[in-house]
Ligand code: ADP
Ligand code: MG
């Protein structure tokens, strides 16, 4: 059933038969081949799969950063493909959040200014209580006047998380958010993402290739060659590792 569990609560986002092709002719690559997935409010999903399996492409299509070649993405009652570029940009700003592997903070701005950037772009005022809660949960109190270069990698990524969540987005997308962090900083970040789902009701979709990172999620979806091949509910590192080995050993069915 593609991970659809009606008891999990409201459906926030849905991908239907997503296909994405890059390039033309002999250079044509099918990065996604008919992917279906449903995301529920407050759910934390890990997207896994080997390098080149389409994880980032899936995330980008779900997040309206890229348009699928065919298929549909629904966010609430909106179908992203029906929106023009300006409306899509607005929807991204107002309703979605992103965390990237490279943090992507603006170096000349303080942590506070970086966190408030999406509010400026969306011309909305931050909710002071929400902001204080985020900053507290992320352990950034006392760091808000620092510039990125004055912060550790872990702190920079936590600033990026606060920036992603400041507008209370419907879904937070994170592409390998712990890829540049040491194990201690990774655990802090993953614990925050877990708490943001459990305590703040945030919906989180995270790409990772690390079984111990995936184990923080409620479920792990596995892509192989652009197809969804497996789902693990309540993943443990051992189970994720077992599925990874199985999927890389068994040739794709024709
Ligand atoms: P993953 O994140 O799982 O490593 P990607 O989604 O980045 O995989 O890529 C899936 C496939 O699509 C790969 O074969 C990759 O080379 C190809 N691809 C991704 N982005 C582009 C692009 N902009 N142009 C051409 N090919 C791309
Ligand atoms: Mg990727």
What pairs come out if I take residues in the range 9-25 that are at positive phi and pair them with residues that are loosely packed, with under 13 Cβ neighbours inside 10 Å whose C-beta lies under 9 Å away, six or more apart or interchain? 23/29
When restricted to 76, 49, the only residue at positive phi and within 16 Å of ligand 1 (Cβ to nearest atom) is 49
Determine, yes or no, whether residue 71 is assigned to a strand (DSSP E or B), more than 23 Å from residue 167 (Cβ to Cβ), within 16 Å of ligand 1 (Cβ to nearest atom) and without any contact (Cβ under 8 Å) to a residue 60 or more places away in the chain. yes
Just wondering, is there one or more residues in the range 197-207 that are surrounded by fewer than 16 Cβ atoms within 10 Å (Cβ to Cβ), within 21 Å of residue 43 (Cβ to Cβ) and in contact with a helix residue (DSSP H, G or I) (Cβ under 6 Å, 6 or more places away or on another chain)? no
Selection within the range 198-210 - touching a strand residue (DSSP E or B) at 6+ places or on another chain (Cβ under 8 Å) and more than 16 Å from ligand 2 (Cβ to nearest atom): 202, 203, 204
Suppose we keep only residues that are farther than 22 Å from residue 131 by Cβ and in contact (Cβ under 8 Å) with a residue 40 or more places away in the chain within the range 156-191. Which one would you say is nearest to the chain's Cα centre (by Cα)? 175
Could we say that residue 134 is out of contact with any strand residue (DSSP E or B) (no Cβ under 9 Å at 6 or more places or on another chain), surrounded by 13 or more Cβ atoms within 10 Å (Cβ to Cβ) and not in a helix (DSSP H, G or I) here? no
For the range 138-233, which helices (runs of 4 or more DSSP H) that fit wholly inside it have 1 or more residues that are closer than 25 Å to residue 78 by Cα? 153-165, 183-198
The conditions are (1) under 21 Å from the mean Cα position of the chain (by Cα); (2) in a loop (DSSP other than H, G, I, E, B); (3) modelled with pLDDT under 95, and residue 106 fails exactly one of them. Which is it? (3)
Residue in the range 83-94 that is part of a strand (DSSP E or B) and farther than 24 Å from residue 237 by Cα present: no
Contact list please: Cβ distance under 7 Å, first residue in the range 95-109 and farther than 13 Å from residue 206 by Cα, second residue exposed (fewer than 13 other Cβ atoms within 10 Å of the Cβ), pairs at least six apart or on different chains. 107/149
Do we have residue 15 as buried (at least 16 other Cβ atoms within 10 Å of the Cβ), within 19 Å of the chain's Cα centre (by Cα), away from ligand 2 (no atom under 16 Å from the Cβ) and not in a helix (DSSP H, G or I) here? yes
Residue match in the range 111-128 (condition: surrounded by fewer than 17 Cβ atoms within 10 Å (Cβ to Cβ) and closer than 30 Å to residue 231 by Cβ): no
Residue pairs meeting the criteria (Cβ under 7 Å; at least 6 apart or on separate chains; first within 18 Å of residue 165 (Cα to Cα), in the range 83-94; second modelled with pLDDT under 95 and not in a loop (DSSP other than H, G, I, E, B)): 93/118; 93/121; 93/122; 94/122
Subset of the range 96-110 (residues that are more than 18 Å from residue 181 (Cβ to Cβ) and surrounded by fewer than 20 Cβ atoms within 10 Å (Cβ to Cβ)): 106, 107, 108, 109, 110
How many residues does the range 29-65 hold that are closer than 19 Å to residue 75 by Cα, assigned to a strand (DSSP E or B) and free of Cβ contacts under 8 Å to residues at least 40 places away in the same chain? 1
Only one of 189, 247 is surrounded by 22 or more Cβ atoms within 10 Å (Cβ to Cβ) and touching a strand residue (DSSP E or B) at 6+ places or on another chain (Cβ under 9 Å), namely 189
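The values are calculated or read from the model by the stated rules, or taken from the named source; none is laboratory data. What you see is a predicted model; the values in this text were computed from it and never measured. Ideal geometry is used to build each Cβ from the backbone, glycine not excepted, and the neighbour counts take in all protein chains shown.
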